[in-house]
Amino acid sequence: MSDRELKCPKDGNPLLVVYESEKIGDTTRVSIYYKCQVCGFRRDIERLEISRGEQGLVVKKFLYSSS
Ligand SMILES: [Zn+2]
């Protein structure tokens, strides 16, 4: 994998990848996004929703288009 470093569009500082998870009932929602520590700029990468189904864990994936 090539390391494409993203920079904050506002101030040019490197963006960090942040994983954040929260539990909502039986579903765990995971948000993955870039964040600038300096100004708080945030760009969503993807979101996962993990829930328990009849045949095990069900993972739904939501991608954000980056443009
Ligand atoms: Zn910034």
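What follows is calculated from the coordinates using simple rules that are stated; it is not laboratory data. Predicted model, so just to flag it, every value in this text is computed and none were measured. All Cβ positions, glycine included, derive from the backbone under ideal geometry; neighbour counts span all protein chains shown.
Values for this structure:
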quantity: Straight-distance crosslink candidates among aspartates and glutamates, where the alpha carbon sits under 15 Å from Lys7 and sequence neighbours closer than 8 are dropped; calculated: Asp44
quantity: Candidate lysines - alpha carbon under 19 Å from Lys23, same-chain residues fewer than 8 apart omitted; calculated: Lys60, Lys61
quantity: Sequence-separation-based contact order of the chain, relative, with Cα cut under 8 Å and 6+ spacing, percent; calculated: 22
quantity: Ranked Arg42, Arg47, criterion: other C-beta atoms within 10 Å, fewest first; calculated: Arg42, Arg47
quantity: Given 13 as the ceiling on other Cβ atoms within 10 Å, longest exposed-site-free region of the chain for GluC sites (Glu not before Pro) in DSSP loops; calculated: 6-53
quantity: Most mobile of Val17, Val38, Val30 in a GNM of the chain (Cα contacts under 10 Å); calculated: Val38
quantity: Cys residues of the chain counted as unpaired, since no other Cys beta-carbon is under 4.7 Å; calculated: Cys39
